[in-house]
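I am attaching a structure below and will ask some questions about it afterwards.
The values are calculated or read from the model by the stated rules, or taken from the named source; none is laboratory data. For clarity, every value in this text was computed on a predicted model and none was experimentally measured. Reconstructed Cβ throughout: ideal geometry from the backbone, glycine too, with neighbour counts over all protein chains shown.
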Amino acid sequence: METDSARESGEEENGFTQPEIGDDDIDNVAEDFRDGLGLLSPKEKTMEERRNGTLDSDNDSDDNSRIRTVDENGNADDSSRIEVEEGQSDSSRIEVEEGQSDSSRIEVEEGQADSNRQIAEFSSENNNFVEGHKEISEAREHLEDDFSEQEIEVEAPTSPSSSGYAGGRGSSSAASIGSASGSEEIRDALRSGDGVTECFGNGNGEHRGQASWAHGKRYSNEDETSISWRKRKKHFFVLSHSGKPIYSRYGDEHKLAGFSATLQAIVSFVENGGDHIKLVRAGNHQIIFLVKGPIYLVCISCTEEPFQALKGQLELLYDQMLLILTKSIDKCFEKNSKFDMTPLLGGTDVVFSSLIHAFSWNPATYLHAYTCLPLRHSTRQAAGAILQDVADSGVLFAILMCRHKVISLFGAQKAILHPDDMLLLSNFVLSSESFRTSESFSPICLPQFNPMAFLYAYVQYLGVDTYLMLLTTDSDSFFHLKECRIRIENVLVKSNVLSEVQRSMLDGCLRVEDLPGDPTLPSDSLSFRLRRDKNLQVAGSSTGTGRNTGIGGPAGLWHFMYRSNYLDQYVASEFSPPINSRNAQKRLFRAYQKLHTSMHDKDVGPHKMQYRKDENYVLLCWITQEFELYAAFDPLAEKSSAITVCNRVCQWLRDVESEIFLLEASPLSW
Amino acid sequence: MATTGTNNMQAKLVLLGDMGTGKSSLVLRFVKGQFLDYQESTIGAAFFSQTLAVNEVTVKFEIWDTAGQERYHSLAPMYYRGAAAAIIVYDITNSDSFVRAKNWVLELQKQGNPNLVMALAGNKADVAAKRKVEAEEAETYAKENGLFFMETSAKTAQNVNELFYEIARRLPKARPVQQPAGMVLTDRPAERARTYSCCS
């Protein structure tokens, strides 16, 4: 039952959208690939230090891990596959591609429980991978249950702090029964209510439906003494430098005053030593600190997300706060260091919880790019023209969006809108129900644009999910903006943009099944359009149609995500089977996130290419000057065919770029 | 005044009050006839318009439903500047909100617009069982300060339309001396001028 609810608890939408296409020469791509591999930096320690010998089993898994070098003839590919199929793999392995043993990098799976391997065997016997896959997940759920129960029994206060944030996951016990990272991930996925944890029925499971964040603060009756509170997988806290709580993801801030004070004490203790605290690892938990002047942000997580990713999330959380209050809030603390900020944030819980939710589904949170709604080029141009028209009349930014996807936007001359600001602004508008009831005029701050000053946002919904935001510096221009909106709305209605938007929402984005076959044929965007027509016919029957038999796209392509570095936009394919459960989607999201972090790791990178293989997928990441491509394949996918498919994806995206990207967005930053 | 030829007037109306007192609910009840048990916090200010016919005069209310959160307090002048009427809302089950309401009245009085029609609304009259602010107390306060007072319930619609009608009735008397007080909104001065001519 717990697992059921965990499964339901996924995200609201697959939030993946589109980036843009680079100018890569197809013919050279394969070569680039090899070059890229050649340039892979020496052995990256994918194995996280998280275990740090704190647990017995950690050492075990280190011992069990081994590095395999795959040489160029591809034999190793086969053998690695055999391992998966036959379940002979030792508890960990590192795959090295293209025989560059020294430039290795890639995946470590640590001490999987034996049972997991048996499951893998089982699936290969079955010869039906999809079924096998499902069974794997089911079996994992059992595993998971077991772990949970054990955790209950052995929950030991390994508290990193005096107020007893007891390493809620009972990590040591779980690890000692042989569940290292693999099972962590599983557990993670199983609970995926965006990290909402309660593992074993504390009765709240049913609240974790998709829109659960939409009701503002949850579990406000919890405090640091509640077991359920300690069991949460991912906490976010904001506090002032005097230790006053400002925000907590779970529980009532005021009840957490003692806990806040403890966090503050940790920060100031380290600062007194002339240093700055960044990270504490305690068992499975990471405690990340971010100090922003008088405001401290802390994340306590056992989700195994990389430190850099979690730190980025704290940065966004802080910027979201600035969007509401501006950085001039610091002055309040200068005047009165005991200043209580909570009243100023009254009613904004929902904004933060929705942002934190986005950390587990929206790639924009780490790609720092936005995504566009797929539209015919002419449609987008029509929308852009009228937005430009009003932008010339004293509007700083005119942004037309549908949910988190951009339809079109335009900025006044020299005004640059940062993708992070767009993410936070759309999160602010989407999460606040009151914008839907009427036209609104509200002060907001765009932290990347100017963290000190308010802009004024006129917001009006033009359809169920379509909304227009007009930003200005003039607090008296409401009626002017209202006129602008009426003009824009008239044009959009007349030119059918709004109905096109509705259709596009129904159609969804690119699908891996539609990847054109042969890139050498003179290709146009036909397939994309054809797919749309096809979709119209099967509209409504989202899954279960004949063509989605669970094999994904060509060569076992399951999903891809592409970020255009020139446009600061990304595009992601729709989730196709077998990535159709919330858990699977979230697991993939986290895998991409990890991949992204390791590719951009400043210590050992940046890298150009990475090929990872584990029991869930083959992941391929490829970064050039123009783009970043992330792709997930069937775990049995051949490396060479995966590379071919990636080239085809790039070609395909280039063919349809005018539909999936906003190409005229000149005022954007790059 | 209102009896003369032109019988259209436009009036800016602003709702002020602590968060959670039911400003948005009052407006939604008046404009759309709706009531939501769980009304989300307003962000910034929401704009509505609604037309009423009173004594052969059509009054078009431009209603600013402001957010009650403290962070928006400093922005309130933006919304009440040039207003013809203000409704100050408190929650009869919350005495703090009544204190806040008095502060709003003070602030508006300091604004120095003597012709501003001010209404004091004690909302949530449907939960009188939890009452913390006595009607008499509010009534006395209102009289002393030249406001008119009503207890309302957005939930049951009690006194909601009456409140707005009463404001509309009082408006024309206040109009002739009304100052445009620094409004620079493009489309309004013309309307306003027309109103003066009809009322003077």
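Which ones in the stretch B:67-95 are touching a Lys or Arg at 6+ places or on another chain (Cβ under 8 Å) and at the interface with chain A (Cβ under 9 Å from one of its Cβ atoms)?
B:G68
Follow-up question, since we're still on this one. Might you check whether a residue that is surrounded by fewer than 19 Cβ atoms within 10 Å (Cβ to Cβ), more than 14 Å from chain B (Cβ to nearest Cβ) and farther than 29 Å from A:T597 by Cα occurs anywhere in the stretch A:273-282?
Yes.
Within the stretch A:335-346, how many residues turn out to be crowded, with 18+ Cβ neighbours inside 10 Å and assigned to a helix (DSSP H, G or I)?
Count: 2.
Follow-up. When only residues in the stretch B:31-54 that are loosely packed, with under 13 Cβ neighbours inside 10 Å and in a strand (DSSP E or B) count, which is farthest from the other protein chains (Cβ to nearest Cβ)?
Among them, the one singled out is B:A53.
Please work out which one of (1) surrounded by fewer than 24 Cβ atoms within 10 Å (Cβ to Cβ); (2) touching a residue at least 12 places away in the same chain (Cβ under 8 Å) is the condition A:A369 fails and give its number.
(1)
Determine whether A:D349 is buried (at least 21 other Cβ atoms within 10 Å of the Cβ) and out of contact with any Leu (no Cβ under 7 Å at 6 or more places or on another chain). Walk me through it before giving the result.
On the way: buried (at least 21 other Cβ atoms within 10 Å of the Cβ): yes; out of contact with any Leu (no Cβ under 7 Å at 6 or more places or on another chain): yes.
Criteria met by A:D349.
Scan the stretch B:65-100 for residues that are within 14 Å of B:G22 (Cβ to Cβ), part of a loop (DSSP other than H, G, I, E, B) and of a type in the set (D, E, K, R) and report the count.
So the first thing to find is which residues in the stretch B:65-100 are within 14 Å of B:G22 (Cβ to Cβ), and the list is B:65-68, B:87-94, B:97-98, B:100.
Subset that is part of a loop (DSSP other than H, G, I, E, B): B:67-68, B:92-94.
Narrowing the set further to residues that are of a type in the set (D, E, K, R) leaves none.
Residues flagged as within 14 Å of B:G22 (Cβ to Cβ), part of a loop (DSSP other than H, G, I, E, B) and of a type in the set (D, E, K, R) within the stretch B:65-100 amount to 0.
Being in a strand (DSSP E or B) and among the acidic types (D, E) is the filter here; which residues of the stretch B:55-64 pass it?
If the condition is that a residue be in a strand (DSSP E or B) and among the acidic types (D, E), then B:E62 is the only one that fits.
If I filter the stretch A:295-302 for residues that are in contact (Cβ under 8 Å) with a residue 40 or more places away in the chain, away from every other protein chain (no Cβ under 14 Å) and under 28 Å from A:L481 (Cβ atoms), do I get at least one hit?
No, the stretch A:295-302 has no match at all.
Being among the β-branched types (V, I, T), more than 23 Å from A:D223 (Cβ to Cβ) and either outside the structural domain of A:P447 (by the TED database) or not in a strand (DSSP E or B) (or both) is true for just one of A:V270, A:V298. Which residue is that? Spell out the reasoning first.
Working: A:V298 fails: more than 23 Å from A:D223 (Cβ to Cβ).
None of the others qualify; the one that does is A:V270.
Oh, and also: Determine, yes or no, whether A:S499 is in a helix (DSSP H, G or I) and surrounded by 19 or more Cβ atoms within 10 Å (Cβ to Cβ). Give the steps one after another, and end with the answer.
On the way: in a helix (DSSP H, G or I): yes; surrounded by 19 or more Cβ atoms within 10 Å (Cβ to Cβ): no.
When the stated conditions are applied, A:S499 does not pass them.
Restricting to the stretch A:577-625, and then to whatever is β-branched (V, I, T) and over 16 Å from the mean Cα position of the chain (by Cα), can you tell me which residue is farthest from A:E304 (Cα to Cα)?
The selected residue is A:T624.
Could you please find all residues in the stretch B:30-72 being touching a strand residue (DSSP E or B) at 6+ places or on another chain (Cβ under 7 Å) and among the small types (G, A, S)?
B:G44, B:A45, B:A46, B:S49, B:A67, B:G68
Can I ask one more? Can you tell me which residue among B:V89, B:V27 is under 28 Å from A:L471 (Cβ atoms), crowded, with 24+ Cβ neighbours inside 10 Å and touching a residue at least 24 places away in the same chain (Cβ under 8 Å)?
Criteria check complete, one pass: B:V27.
Show me the strands (runs of 3 or more DSSP E) entirely contained within the stretch A:397-469 in which 1 or more residues are touching a residue at least 60 places away in the same chain (Cβ under 8 Å), among the charged types (D, E, K, R) and assigned by the TED database to the domain that holds A:V501.
Here the list reads A:405-411.
Give the residue, chosen from B:E62, B:E139, that is closer than 18 Å to B:K23 by Cα, without any contact (Cβ under 8 Å) to a residue 60 or more places away in the chain and surrounded by 17 or more Cβ atoms within 10 Å (Cβ to Cβ).
Exactly one of B:E62, B:E139 is closer than 18 Å to B:K23 by Cα, without any contact (Cβ under 8 Å) to a residue 60 or more places away in the chain and surrounded by 17 or more Cβ atoms within 10 Å (Cβ to Cβ), namely B:E62.
Right, next: Inside the stretch B:55-66, can you point out the residues that are of a type outside the set (V, I, T) and either more than 8 Å from every other protein chain (Cβ to nearest Cβ) or in contact with a Pro (Cβ under 6 Å, 6 or more places away or on another chain) (or both)?
Passing the criteria: B:N55, B:E56, B:K60, B:F61, B:E62, B:W64.
Another one. Which condition does A:A632 not pass, out of (1) assigned to a helix (DSSP H, G or I); (2) under 21 Å from the mean Cα position of the chain (by Cα); (3) of a type in the set (A, V, I, L, M, F, W, C), if it passes all the others?
(1)
Here is a follow-up. When you check B:W104 against the structure, is it over 12 Å from B:D18 (Cα atoms) and modelled with pLDDT of 90 or more, yes or no? Spell out how you get there, then give the answer.
Working: over 12 Å from B:D18 (Cα atoms): no; modelled with pLDDT of 90 or more: yes.
Judged against the criteria, B:W104 is not a match.
Also, I was wondering about something else. Just the residues that are surrounded by fewer than 19 Cβ atoms within 10 Å (Cβ to Cβ) and under 13 Å from the mean Cα position of the chain (by Cα), please, taken from the stretch B:150-168.
Those that are surrounded by fewer than 19 Cβ atoms within 10 Å (Cβ to Cβ) and under 13 Å from the mean Cα position of the chain (by Cα): B:N161, B:E162, B:Y165, B:E166.
What is the number of the single condition among (1) under 26 Å from A:A453 (Cα atoms); (2) part of a strand (DSSP E or B) that A:C332 does not meet?
A:C332 satisfies all of (1) under 26 Å from A:A453 (Cα atoms); (2) part of a strand (DSSP E or B) except (2).
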